[in-house]
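Okay, so here's the structure we're looking at.
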Amino acid sequence: DRSLRVLLLPFLLGHLVVAALDAGRFGWSGAVRWEIHVVGLIGYCAGLGLVMWAMAVNRFFAPVVRLQSERGHHVISGGPYRFVRHPAYLGFVIALVAEAFMLGSYWCLLPMIGGLVVIMKRTLVEDRFLHAALAGYSEYARGVRWRLARGVW
């Protein structure tokens with residue numbers, strides 16, 4: 001779990017470095033209309049809003065995958081968890097993609113391809129752990145079929 005977070009860091013930094021070089025210095029993406037920046041800002045806020053909603057609903061939300069039996073850990077199926085099993089990861093991905101438009105750099109999406117692979121791997125690791133360790137999670141997963149994006153994965 002922690003190694004996956006460390007693997008994500010170079011992609012996040014690469015995303016920001018490419019954005020800075022593109023939008024701030026070299027202009028690889030060309031002129032980006034102000035409307036695209038606004039749509040990116042709205043998407044960025046929506047993605048972060050989804051992350052915060054998931055955190056607010058899930059009192060067991062934690063940066064590391066672990067069972068919190070000392071706190072009566074149980075399945076959370078309300079809020080955004082009604083739609084996908086890992087809404088915070090979805091919100092994070094939405095925010096990162098929207099950030100490219102907000103910053104005016106389409107090229108900064110390239111490093112995030114690797115970042116998306118790491119996020120998907122972490123989702124699989126967390127999902128497997130919860131299936132094995134958390135009572136009721138398998139039943140929840142049968143009802144909420146999608147891990148990250150409805151109709152996709």
Expected single match for part of a helix (DSSP H, G or I), of a type in the set (Lys, Arg) and out of contact with any Ser or Thr (no Cβ under 6 Å at 6 or more places or on another chain) among Arg145, Arg122, Arg85, Arg150 is Arg122
Extreme residue, nearest to Leu96 (Cα to Cα), among residues of the stretch 1-19 that are aliphatic (A, V, I, L, M) and open to solvent by less than 60 Å² (accessible area, probe 1.4 Å)
Leu12
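Matching residues to (1) crowded, with 16+ Cβ neighbours inside 10 Å; (2) small (Gly, Ala, Ser); (3) within 30 Å of Phe26 (Cα to Cα):
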| site | (1), (2), (3) |
| --- | --- |
| Val57 | yes, no, no |
| Phe60 | no, no, no |
| Glu99 | yes, no, yes |
| Gly104 | yes, yes, yes |
| Leu124 | no, no, no |
| Ala132 | no, yes, no |
Looking at the stretch 66-84 only, could you name the residues that are among the basic types (Lys, Arg) and under 22 Å from the mean Cα position of the chain (by Cα)?
Arg66, Arg82
Selection from the stretch 26-54 of residues that are β-branched (Val, Ile, Thr) and within 24 Å of the chain's Cα centre (by Cα)
Ile36, Val38, Val39, Ile42, Val51
Note down all Cβ pairs under 6 Å where the first residue falls in the stretch 109-133 and is farther than 14 Å from Val64 by Cα and modelled with pLDDT of 95 or more, the second is open to solvent by less than 40 Å² (accessible area, probe 1.4 Å) and hydroxyl-bearing (Ser, Thr, Tyr), and they're at least six residues apart or on different chains.
His131/Tyr137; His131/Ser138
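The values are calculated or read from the model by the stated rules, or taken from the named source; none is laboratory data. This structure is a prediction, so every number in the text was calculated from the model and none was measured. Reconstructed Cβ throughout: ideal geometry from the backbone, glycine too, with neighbour counts over all protein chains shown. Side chains are part of the model used for accessible areas, which takes the heavy atoms of the whole protein and leaves out ligands, DNA and RNA. Shrake-Rupley method; radii C 1.70, N 1.55, O 1.52, S 1.80 Å.
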